[in-house]
Each structure stands twice: as structure tokens, then as C-alpha cells.
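Quick note: the coordinates plus some simple rules give every number you see, no bench work behind them. This structure is a prediction, so every number in the text was calculated from the model and none was measured. Here the Cβ is made from the backbone with ideal geometry for all residues, glycine too, and neighbour counts use every protein chain on show.
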Amino acid sequence: MDMVSRLVAERPVVIFSRTTCSMSHAIKTLILNFGANLTIYELDEIPNSQQVERELVQLGCQPSIPAVFIGQQFIGGANQVMSLQVTNQLVQLLIRAGAIWI
């Protein structure tokens with residue numbers, strides 16, 4: 001899990017995605033619409049993506065993408081992020097992580 005830890009270190013929001021994944025696109029769009037400072041790693045475009053995906057699965061990502069980290073903490077996939085949005089908790093997480101300034 002060293003590679004994933006390095007990729008999410010000191011970044012307010014990190015999303016592991018694929019350019020062809022519609023759920024990843026929806027989650028990226030949702031978070032970007034808040035004006036969030038986010039880092040996106042497209043697994044179909046980065047080197048060592050197989051190792052990253054193995055680490056994401058070890059963290060409990062099923063499916064492995066999208067995988068969302070807020071404040072260096074693993075939040076989960078699309079279902080978890082959407083649940084946070086529906087319960088009005090997503091914005092507070094983004095604020096606490098320093099990803100948005102409202």
C-alpha cells in the first residue's frame with residue numbers, strides 16, 4: 001500500500017479512476033462542481049497501474065474504481081460518495097480536508 005499512500009499524501013482529495021468509467025466520471029464531476037482542489041489518477045494512463053489497483057483492492061475497493069480519498073482517508077467508491085452527498089456530509093469532509101473554502 002506504499003504506492004497508494006505516496007499518491008494520496010498531502011493532497012486534499014484524490015480519485016483513482018479510468019477515463020472510460022462512467023461512475024468515475026460522475027464522481028469526479030460531483031466533486032469538481034464544489035470547486036474542490038482534487039488530484040485524479042487515471043489508471044489507464046499511469047505507469048504501475050496494476051500495482052495501484054492491487055493495493056486499492058487490498059484496501060477494500062470493490063470494484064477498484066472509482067476510489068476516493070479525502071484528507072488522506074479512504075472514503076470508498078461511488079456508492080459511499082453518493083451516500084455522503086445525500087446526507088449532506090460530503091461538503092463538510094471537503095472543507096475539513098482543505099479541498100474547498102466556503
Subject >> Some residue of region 65-84 being more than 11 Å from the chain's Cα centre (by Cα) and assigned to a loop (DSSP other than H, G, I, E, B) >> reply: no
**OP:** Within region 37-45, identify whether any single residue is charged (D, E, K, R), more than 21 Å from residue 95 (Cα to Cα) and surrounded by fewer than 12 Cβ atoms within 10 Å (Cβ to Cβ), and answer yes or no.
**Re:** yes
**OP:** Please specify each residue of region 13-36 satisfying the condition of being part of a loop (DSSP other than H, G, I, E, B), touching a residue at least 40 places away in the same chain (Cβ under 8 Å) and out of contact with any strand residue (DSSP E or B) (no Cβ under 7 Å at 6 or more places or on another chain).
**Re:** 21, 34, 35
Original post:
List the pairs whose first member sits in region 75-102 and is on the phi > 0 side of the Ramachandran plot, whose second member is among the β-branched types (Val, Ile, Thr), and whose Cβ atoms are under 8 Å apart, counting only residues at least 6 apart or on separate chains?
Top reply: 76/68
Subject >> Selection within region 85-102 - of a type outside the set (Lys, Arg), in a helix (DSSP H, G or I) and surrounded by fewer than 20 Cβ atoms within 10 Å (Cβ to Cβ) >> reply: 85, 86, 91, 92, 93, 95
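Specify which of the listed residues (57, 68) is crowded, with 17+ Cβ neighbours inside 10 Å, out of contact with any Cys (no Cβ under 9 Å at 6 or more places or on another chain) and either under 13 Å from residue 4 (Cα atoms) or hydroxyl-bearing (Ser, Thr, Tyr) (or both). If you could, list the steps in order and put the result at the bottom.
On the way: 57 fails: crowded, with 17+ Cβ neighbours inside 10 Å.
Of the residues listed, the single one that is crowded, with 17+ Cβ neighbours inside 10 Å, out of contact with any Cys (no Cβ under 9 Å at 6 or more places or on another chain) and either under 13 Å from residue 4 (Cα atoms) or hydroxyl-bearing (Ser, Thr, Tyr) (or both) is 68.
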Original post:
Within region 1-12, which residues are hydrophobic (A, V, I, L, M, F, W, C) and either surrounded by 21 or more Cβ atoms within 10 Å (Cβ to Cβ) or in a helix (DSSP H, G or I) (or both)?
Top reply: 3, 4, 7, 8
